[in-house]
Amino acid sequence: MRHQPGVLIVEDEPAIAELIAVNLRHNGFRPTWAIDSATAQCELDAVLPDVILLDWMLPGESGLTLAKRWRSNPRTKGVPIIMLTARGDEVDRVAGLDAGADDYITKPFSTKELLARVRAVLRRRAPEKVGGVVSIGALSLDASTYRVSFKEQMLKLGPTEFKLLQYLMSHAERVHSRSQLLDKVWGDHVFIEERTVDVHVKRLREALGANAGQMIETVRGAGYRLTAQPVLAPPSQASV
Ligand code: CA
């Protein structure tokens with residue numbers, strides 16, 4: 001059930017694309033390949049990947065142009081980009097980073113290094129995609145075994161509640177609006193009502209139980225937040 005992060009490889013040399021794709025697949029990623037900028041744009045319009053590996057020198061539009069465009073588009077600006085290039089000059093590296101790339105890797109590269117960098121950008125930009133254990137207070141979630149526990153008691157969660165909790169725990173103490181949660185948990189291009197979020201938050205609180213359930217706060221007019229230290233309502237208000 002573990003989420004496999006999607007990686008879009010934009011690379012015009014099939015041998016390199018294939019090498020990267022094979023290594024990504026063996027390491028739990030879901031690679032897709034675009035041979036040029038037009039194909040890459042089509043892929044991106046269809047599904048947002050979790051990371052983009054972007055070659056600099058492409059037929060048609062360059063990787064640099066694509067990076068700039070994707071960074072200025074609200075839909076794609078959150079997707080981490082790693083530029084792949086034979087250019088190792090400092091000036092070029094700076095241009096790549098200025099265009100909005102998160103990282104930069106110079107060809108020829110070791111696939112180990114590439115994988116390490118992919119994991120690193122995911123950890124920075126989308127910690128919930130990397131897996132592993134997240135613990136907030138006594139609440140613990142293990143993405144690789146698909147387990148949630150509170151004070152070492154196992155809890156049973158549905159798949160949507162699990163994803164919702166995983167997202168909230170990976171971005172704890174921050175307030176998330178309903179539309180942000182829809183986008184991040186249900187995915188891009190999914191058209192559901194914002195009220196659906198409320199339904200799943202309610203189910204999630206029920207699944208967490210009386211104590212852990214309070215860690216998910218409703219922030220009036222703003223959305224939801226997972227916090228290690230819930231503000232408990234004073235008894236006078238709670239009894240109304
Ligand atoms: Ca190339």
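Bear in mind that the values in this text are calculations on the coordinates, not laboratory data. Keep in mind that this is a model prediction, so the values were computed, not measured. We place every Cβ from the backbone using ideal geometry, glycine too, and count neighbours over all the protein chains shown.
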Q: Quick one: check the C-alpha center-to-center distance for the stretch 35-58 versus the stretch 61-93, whole angstrom.
A: 11
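To the nearest 20 debye, what charge dipole does the stretch 161-230 have about its Cα centre, counting +1 at the Cβ of each Lys and Arg and -1 at the Cβ of each Asp and Glu? Mind dumping the intermediate values first?
Values: 10 positive and 9 negative charges, 25 e Å.
With Lys and Arg at +1 and Asp and Glu at -1, about 120 debye.
Assign one of three labels to the stretch 133-238, namely rounded, prolate or oblate, based on the Cα gyration tensor with a ≥ b ≥ c the square roots of its eigenvalues; rounded applies when a/c is under 1.5, prolate when it is not and a/b is larger than b/c, and oblate otherwise. Don't skip to the answer; put the middle values down first.
Numbers: a/c = 1.72, a/b = 1.07, b/c = 1.60.
Taking the square roots of the gyration eigenvalues as a ≥ b ≥ c, the stretch 133-238 is oblate.
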Q: Any chance you could run the full-extension gain for Cys42 through Gln4? It's 0.36 nm times the residue separation minus the Cα-Cα distance, nm to one decimal.
A: 11.6 nm
**Q.** For the chain, built as a Gaussian network whose Cα springs stay under 10 Å, the top-fluctuating residue of Val79, Val130, Val91
**A.** Val91
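Under the 0.36 nm per residue contour assumption, what length would be gained going from the current alpha-carbon distance of Ala120 and Gln153 to full extension?
On the way: separation 33, 0.36 × 33 = 11.88 nm, distance 3.14 nm.
My answer for the length gained is 8.7 nm.
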Q.
Per residue, how big is the convex hull of the chain when only Cα atoms are used? Give it in Å³.
A. 137
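Can you tell me, using C-alpha contacts under 8 Å and at least 6 residues apart, the relative contact order of the chain as a whole percent?
Values: 351 pairs, mean separation 30.9, N = 240.
Relative contact order, the chain: 13 percent.
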Q: At 0.36 nm per residue, minus the direct Cα-Cα distance, what do Thr145 and Glu13 gain on full extension? Give it in nm, one decimal, please.
A: 43.8 nm
**Q.** Packing-based ranking, highest mean first, of 166-174, 63-71, 149-157 given that Cβ atoms within 10 Å are counted
**A.** 63-71, 166-174, 149-157
Q. Quick one: Cα centre-to-centre distance for the stretch 96-159 and the stretch 161-228, in angstrom?
A. 19
Q.
Less than 19 Å apart at the alpha-carbon level, and either on another chain or at least 8 residues along: which aspartates and glutamates does that give for Lys202?
A. Glu161, Glu173, Asp183, Glu193, Glu194, Glu217
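Compute the signed sum of charges (Lys and Arg +1, Asp and Glu -1) over the other residues within less than 15 Å, Cβ to Cβ, of Gly158.
Values: positive: Arg147, Lys156, Lys163, Lys202, Arg203, Arg205; negative: Glu161, Glu206.
Summing Lys and Arg as +1 and Asp and Glu as -1 gives +4.
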(Q) Can you say what percent of the DSSP beta bridges in the stretch 11-146, counting only those with both residues inside, are antiparallel? Round to 5. (A) 35
Q | Links that overshoot a 20 Å alpha carbon limit, given the list Lys129/Lys184; Lys68/Lys184; Lys112/Lys184; Lys77/Lys163; Lys156/Lys184 | A | Lys68/Lys184; Lys112/Lys184; Lys77/Lys163; Lys156/Lys184
Q: Please give the calculated 222 nm ellipticity per residue for the chain, where each DSSP H segment of at least 4 residues contributes -39500 (n - 2.57) and the sum is spread over every residue; nearest 500 deg cm²/dmol?
A: -12000 deg cm²/dmol
Q) Taking the chain as a Gaussian network, Cα atoms linked when under 10 Å apart, which of Ala126, Ala38, Ala21 shows the biggest mean-square fluctuation? A) Ala38
